1. Sort through Leu88, Leu94, Leu109 and tell me the only one that's touching a Lys or Arg at 6+ places or on another chain (Cβ under 8 Å), surrounded by fewer than 17 Cβ atoms within 10 Å (Cβ to Cβ) and of a type outside the set (Ser, Thr, Tyr).
2. Of the numbered conditions (1) in a helix (DSSP H, G or I); (2) at pLDDT below 85; (3) over 21 Å from His153 (Cα atoms), Glu69 satisfies every one except a single condition; which is it?
3. So, in the range 7-26, how many residues would count as being β-branched (Val, Ile, Thr) and touching a residue at least 40 places away in the same chain (Cβ under 8 Å)?
4. Applying the selection to the range 38-55, what residues are without any contact (Cβ under 8 Å) to a residue 40 or more places away in the chain and either under 19 Å from the mean Cα position of the chain (by Cα) or surrounded by fewer than 13 Cβ atoms within 10 Å (Cβ to Cβ) (or both)?
Amino acid sequence: MFDKLFDLPAHPLLIHAPIVLLPIAAIATVVLAVKPAWRARASWWMVGGLFLTVVLLFAAKESGEALIEAYDRANGKGAVDISKHQDLAEMTFLMTLAWFAVFGSLTVLERVERVRVGVLGALASNMIARQAIAAVTAVLGVLATIWLIRTGHEGARSVWGPRVDILFPQG
């Protein structure tokens, strides 16, 4: 299902959307963690963006698995070792899923609180707990972005080998 798009391998095409969206979402999450008033206005948009990012990461992950299966069929099993890339991709997906769940929970919690006690009451009640949860979402966003970068670099190294290390040497 996720193996081809426009008669091309789907993975290189599908992965570009999360590569763009995930860091933007991380920056937005950090901003919304620092600015609770903005979070009250934009949190549902952020939840939607994170959901889209999770869906696109899932599609990229599935298309990557389809790509390696096709490659193994054509070149023999184990012709390319992408186990580290797969492990990093799985962790990136799980972190992004956790980020979506925590941010979504925070959004629902804040919405229920605003309905229950009104806007002014919601600003005063449980501010420390909500800010702590918001900080956790920001940390998850930053970590997911770091893992996404690591995943991409490892994937490039798996495909391009030493040529990637010449262009981007490991420090």
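The values are calculated or read from the model by the stated rules, or taken from the named source; none is laboratory data. These numbers were taken from a predicted model, which means no experiment stands behind them. Please note: Cβ atoms are built from the backbone with ideal geometry, for glycine as well, and neighbour counts cover all protein chains shown.
1. Checking each option against the conditions leaves just Leu109.
2. Every listed condition holds for Glu69 apart from (3).
3. 2
4. Once the filter is applied, which keeps residues that are without any contact (Cβ under 8 Å) to a residue 40 or more places away in the chain and either under 19 Å from the mean Cα position of the chain (by Cα) or surrounded by fewer than 13 Cβ atoms within 10 Å (Cβ to Cβ) (or both), the range 38-55 yields Arg41, Ala42, Trp45, Gly48, Gly49, Leu52, Val55.
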